[in-house]
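Beneath this line is the structure, given in structure tokens, with notes to follow.
The values are calculated or read from the model by the stated rules, or taken from the named source; none is laboratory data. Keep in mind that what you see is a predicted model, and the values were worked out from it rather than measured. Virtual Cβ from ideal backbone geometry, glycine too; neighbours counted across all protein chains shown. To get the accessible areas, we keep the full protein, side chains included, count just its heavy atoms, and leave off ligands, DNA and RNA. Shrake-Rupley method; radii C 1.70, N 1.55, O 1.52, S 1.80 Å.
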Amino acid sequence: MRMVELIEKKKNGYPLTREEIRFIVQGYVQGKIPDYQVSAWAMAVYFKGMTVQETSELTMAMAESGDQLELSLPGKVFVDKHSSGGVGDKTTLVIAPLVAACGVPVAKMSGRGLGHTGGTIDKLSAIPGFRVELGGQEFLQQVGRIGLAVIAQTGRMVPADKKLYALRDVTATIDSIPMIASSIMSKKIAAGAQGVVLDVKYGAGAFMATLEEAETLAKIMVGIGKNLGRDMVAVLSSMDQPLGRTVGNGIEVLEAIECLQGKGPDDLMEVCLELASWMLVLGKKAATITEAGEILKDTLQSGRAWEKFLAFVQAQGGDTAVLHAKNLPLASEKIVYKAERAGYIQHIDARKIGLLAMVLGAGRENKDSEIDFGAGVYLLKKAGDAVQAGEPLCMLYTSSAEKSSLGLAKAVEAITIGEEKPLLKPTVSTVIR
């Protein structure tokens, strides 16, 4: 079997067999197939797609490329949550401790930033001392002790996805539905959770541009999970504008703290509570979404969710004193972008804001880029808000004067002001089971 023949086969639109897919995945992980050939194959998949059977085989091949966890605690159902990627999406930082505080254990592997979207592991890495890598036994022990652990993918768990994830970022194959589906589901399968809630984004800042594309992706992933014995739910939510008011790493941790203390922005809290409610239902802690919502609100108001977050950060070596003080340092250069005219915010393009944050230093231009954890964007206004000429719209944080001027130019492109107040779409639109 030769890789060039499989590239040619997929380029011509033919489905690959189980053996051929495993040959590609195993060969890439073992270093027998070079980046340039896998890049060519990924591009062929991007243009020609994959059948449901191919996507399922790719998912399993990736999941089985490394270690797999078997999660088990007496009387407990493990539930995981995964987002398909967005801008300002710090939901894991809120949901994981919130759900764990309700008695549903969360054992989660998360990713780093990909393209214009941020990554949970990068955000957690902004907390001084926080360890994103734990050994398998330590990971399981922590979940048993406090009900929560979030770690980066290690070289031994889903190594195929770790390599493909980075490669897709620099080969313009990020928004391939089979690649996204297999990437997400391979991690969920390897992580061992019995229930999975998928947060599938669509819109300007998501990999899926339309609701229809998001539904296609969600149905594929729900189908894969059910075929493999997982209890599945997919929640579809809009990513036309950034979620919440912050985009970056340290700055998003600060906003997550506000949420856990019951003071988060409405759109972010809406998505977090919807996802967390389904996690409680799958985790057998609530019979209905309504009952789950009441449990979650009580957990937030009582302070138990915030306490769980602190316990989680402390368990993984993070400095909780800076969290108590809300003292995560932001980058030294601060620029305020002001409205050039009066009117209403028509649109804040999530993708452009994500690219703006990347220019400021908060994201990676390639897989070897260094991240400035203090860089980011704070949105003072959101779509639908009235503004006056000269009123501040957002604050940009960066460590470079050169980057600040580039960022300011991108801010102008990202925010649109018009005369009429726009009609806004609901943030959460569809649930697929």
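Observations, loosely collected:
- Sequentially through the range 325-337, phi angles give Karplus couplings (6.51, -1.76, 1.60; θ = phi - 60°) of 7, 6, 10, 5, x, 9, 4, 5, 7, 10, 10, 9, 9 Hz, Gly and Pro residues having no value and appearing as x.
- Residue-wise HN-Hα coupling along the range 408-415, computed from phi with Karplus coefficients 6.51, -1.76, 1.60 (Hz; x: Gly, Pro): 4, 5, 6, 4, 4, 6, 7, 10
- Förster radius 22 Å - calculated FRET efficiency between Val52 and Ser429 (Cβ-Cβ, nearest 0.05): 0.40
- Remark: relative contact order (the chain) = 19 percent; criterion is Cα-Cα distance under 8 angstrom and separation of 6 or more residues.
- Accessible area per residue in Å² at 1.4 Å probe, computed on the chain: 39 Å²
- The chain - convex hull of the alpha-carbon atoms, volume per residue in Å³: 134 Å³
- Cα gyration tensor shape of the range 57-171, rounded if a/c is under 1.5, else prolate or oblate by comparing a/b with b/c: oblate
- 4 °C / 1.567 mPa s Stokes-Einstein diffusion coefficient of the range 146-190, Kirkwood radius on C-alpha pairs, µm²/s: 113 µm²/s
- With both residues required to sit in the chain, DSSP beta bridges show an antiparallel share near 55%.
- Take the convex hull of the alpha carbons in the range 301-349; its mean projected area over all directions comes to 7.0 nm².
- Over the range 198-261, the pair-distance histogram of Cα-Cα distances with 10 Å bins from zero comes to 21, 34, 31, 14 percent, rounded to whole numbers.
- Rounded if a/c under 1.5, otherwise prolate or oblate - the range 297-433, Cα gyration tensor axes: oblate
- Cβ-derived FRET efficiency at R0 45 Å, Lys421 paired with Asp67, nearest 0.05: 0.25
- Residues in the range 256-272 carry Karplus couplings, in order, of 4, 4, 4, 4, 5, 9, x, 10, x, x, 4, 5, 5, 5, 4, 5, 4 Hz; the curve used is 6.51 cos²θ - 1.76 cosθ + 1.60 with θ = phi - 60°, and Gly or Pro positions show x.
- Over the chain, DSSP H runs of length four or greater, each weighted -39,500 (n - 2.57), average out per residue to a 222 nm ellipticity of -14500 deg cm²/dmol.
- Here the simple spin-label model places points 7 Å from the Cα toward Cβ, and for Arg156 and Ser332 these points are separated by 4.1 nm.
- A convex hull fitted to the Cα coordinates of the range 239-279 yields 78 cubic angstrom per residue.
- Net lengthening on full extension, Ala342/Arg145 (0.36 nm per residue, minus Cα-Cα): 65.5 nm
- Ratio Rg/Rh, restricted to the range 105-210 and using Cα atoms, in which Rh is the Kirkwood radius: 0.97
- Net length available on complete extension from Ala321 to Tyr14 is 104.9 nm, with 0.36 nm assigned per residue and the Cα-Cα distance removed.
- The length gained by stretching the chain between Glu391 and Glu365 to full extension, at 0.36 nm per residue less their Cα-Cα distance, is 6.2 nm.
- Order by protection proxy (mean Cβ within 10 Å, highest first), peptides 76-86, 334-344, 42-52: 76-86, 42-52, 334-344
- Arg230 long-range amide H proximity, modeled H, under 5 Å: none
- Stokes-Einstein D (µm²/s) once Rh is taken as the Kirkwood radius of the range 1-134 over alpha-carbon pairs, at 25 °C in 0.890 mPa s: 139 µm²/s
- Ordering of 28-36, 181-189 by packing [mean C-beta count within 10 Å, highest first]: 181-189, 28-36
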